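What follows draws every value from the coordinates through simple rules; no lab data is involved. On a predicted model such as this, the values are computed, not experimentally measured, just so you know. Backbone-built Cβ (ideal geometry, glycine too); neighbour counts: all protein chains shown.
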Amino acid sequence: MSLDLDAYLNRIGFAGDLAPTRATLDAIAAHHTAAIPFENLDPFRGVTNRLDLESLQAKLVRGGRGGYCFEHGLLLRAALREIGFSVTGLAARVLWGSADLDALTARTHMLLLVDLGDERRVIDTGFGGMTLTGTLRLEHDTEQPTPLEPFRLVDLDGDWAMQALVGGRWRTTYRFDLHPQHAVDYEPTNWYLCTWPQSKFVTTLMAARATADRRYALAGRRLTVHHLDGRTERHELADGDELRVVLERDFRIDTSALPGLDEAFAKLDR
C-alpha cells in the first residue's frame, strides 16, 4: 500500500512548494499539527490502534481523526519520504511531568530525524500538549524558536533531551538517542499502550491540538487552552455531550462513527 500524498496534503491544508527543503519541512510541521490532532479515542474505548499505512490513511487522512505518536510519526514519515526527504524514525523516553531527569522510563514515544544534507532536523507532530509545531536543528544548547514556545536540545548523559521554555523555565519533554527504528519496532509498544489495563491511553481521555496562537489540551473532562500571550483558560466539561462538542469543535475530531464512545466517557465518572 502506498501513500496518497495528495490526500495527505489536502488533509493538512498544505499547497506550497514540495521541494525537500527546511522551509517545506517547517511548513508541513505547522500544517500537520494544526489539522491532525493528538487523541487516544481508540484505546480509550477498547480498540487497538493499527499502524499499517492503509489504516493510518483511513483514520487520520480520510476519517477525520487524529492519533498518538506512532500514528502521527509513521504517517508523516511516509509523506516526507514521498516528497523526497531522508527520514529516520527514532524512539524516546518520556520525561514530561517528571522532576527526575534520570528517571528510567520505557521507549514509548516516536519522533523523526530528517537529514537535509547540510543539517539534520528533528520533527515530531505527535507529543500531545507540548508537540513541536516547527522543527529543531540537531545541535546542543541552542535556544530555537518555533511558531509557539522556544525549544532546545541538551546533552543528558550522552542522550539528547528536548526541552521547552514554559512559564519562564525549561521543562524536559523526553530524551532520545539516534539509533534508527523501523516500523516493526513500534508495534510491540503500540500494542502494550493500547491494551495494558493501567496504560493512561486506556484509562484517561486525552486530546491536543496546536494552532498559530494557542494550544488546546483535553485530559479527562478538563479542557485547557494555553494562549501564546500567556493566558490560560480552564473548563470542566459536565458530560459526554459537552465532550463531543469540544472534540468536534476544538480538536476537529469526527466522533460520529465511534461505537462505545459514550460508554467510555462513563469511565470518567468512576
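Compactness check for the range 80-205: Cα Rg over 2.2 N^0.38 Å is 1.07. Over the C-alpha trace of the range 35-145, radius of gyration and Dmax come out as 14.9, 45 angstrom. Computed on the Cα trace of the range 30-69, the radius of gyration divided by the Kirkwood hydrodynamic radius gives Rg/Rh = 0.95.
Using the alpha-carbon positions of the range 136-242, Rg (one decimal) and Dmax (whole number) come out as 17.1, 48 Å.
In whole angstrom, the range 196-269 maps to an equivalent ellipsoid with semi-axes of 23, 14, 12, each derived as √(5λ) from the alpha carbon gyration tensor and ordered largest first.
Simple rule: put +1 on each Lys or Arg Cβ and -1 on each Asp or Glu Cβ in the chain, find the dipole, and look at Phe176, Ser98, Ser256; the Cα lying farthest toward the positive end is Ser256.
Rounded to the nearest 20 debye, the dipole magnitude of the chain is 420 debye, with +1 charges on Lys and Arg beta carbons, -1 on Asp and Glu beta carbons, and the Cα centre as origin.
So what is the 222 nm mean residue ellipticity for the chain from helices alone, if each DSSP H run of at least 4 adds -39500 (n - 2.57) and you divide by all residues, rounding to the nearest 500 deg cm²/dmol?
Calculated from helices alone, the mean residue ellipticity at 222 nm is -8000 deg cm²/dmol.
A Stokes-Einstein calculation at 4 °C with viscosity 1.567 mPa s, built on the Kirkwood radius of the chain over Cα pairs, returns a diffusion coefficient of 69 µm²/s.
Under 1.5 on a/c is rounded, so check that first for the range 32-97, then, if it is not, pick prolate when a/b is larger than b/c and oblate when it is not; a ≥ b ≥ c are the square roots of the alpha carbon gyration tensor eigenvalues. Verdict is oblate for the range 32-97.
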